[in-house]
Amino acid sequence: MQIEIMTTGGTIDKVYFDAKSSYEIGEPQIDDVLRDANLTIDYQITPLLRKDSLDLNVADRQLIRNAVLESSVAKVVMTHGTDTMVETAKFLRGVTGKTIVLTGSMQPARFRFTDAIYNIASAITAVQLLPEGVWIAMNGQIFDPEKSRKNIEMNRFEIIEC
């Protein structure tokens, strides 16, 4: 089974630049995370964007949707910024024949203490087990994008009543 991992940026890929005293989206970090985990699954990484999710627009989401539709792989994991992850997941509604799992992190993957590794592992496991559709893997749970949101105050995802 092959898994395509698409990267769009977000906190998971942020790096700290001392000279600028700020964080910026850097190269996708997932290859390093997966190499360090010594995974034996068949996967490929496709970088799509290097943006903070708050900067994504409709054209970016259409690019993401087109990449998923054009992929020959039925199992897709997507790293994405957490602020608009639900919005992008909803934009992917209606894609058939694929299992798509979006994930990200609240702290950059390069940090010693980060949720990135756990969230990536959850997404990779989930994409192999979940039925066709669009899902979010965050905070140790699998969420239906139609029934979830990021709780900014609590810094986690949660289920909402529709």
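Derivation of every value follows stated rules applied to the coordinates shown; laboratory data play no part. All values derive from a computational prediction rather than experimental measurement. All Cβ positions, glycine included, derive from the backbone under ideal geometry; neighbour counts span all protein chains shown.
Structure notes:
- Value of [θ]222 nm, deg cm²/dmol, for the chain, DSSP H segments ≥ 4, -39500 (n - 2.57) each, nearest 500: -7500 deg cm²/dmol
- For the chain, the antiparallel share of DSSP beta bridges with both residues in that region comes to about 35%.
- Length-normalised contact order for region 2-159 - Cα pairs under 8 Å, 6+ apart - percent: 24 percent
- In this calculation the C-beta distance from LEU39 to ASN155 is compared with R0 = 41 Å, giving a FRET efficiency of 0.90.
- Within the same chain, lysines fewer than 8 places from LYS147 are excluded, and of the rest, those with a Cα less than 27 Å from its Cα are LYS51, LYS75, LYS90, LYS98.
- GNM top mover of ASP36, ASP83, ASP144 - the chain, alpha-carbon springs below 10 Å: ASP36
- If R0 equals 45 Å, the separation of the Cβ atoms of ASN57 and ILE117 corresponds to a calculated FRET efficiency of about 0.95.
- Distance from region 34-59 to region 132-162 (C-alpha centre basis), Å: 19 Å
- Taking ASP52, ASP32, ASP13 as the candidate residues, the one with maximal mean-square fluctuation in a Gaussian network model of the chain, Cα springs under 10 Å, is ASP32.
- In terms of its alpha-carbon gyration tensor, region 83-162 comes out oblate; a/c meets the 1.5 threshold, while b/c is at least as large as a/b.
- Cα-only Debye scattering, the chain: base-10 log of I(q)/I(0) at q = 0.15, 0.18 Å⁻¹: -0.74, -1.09
- Placing +1 on the Cβ of every Lys and Arg and -1 on the Cβ of every Asp and Glu, with nothing else charged, gives the chain a dipole about its Cα centre of roughly 120 debye.
- Note on the chain: GNM, Cα springs under 10 Å; of GLY133, GLY104, GLY94, the largest mean-square fluctuation is that of GLY94.
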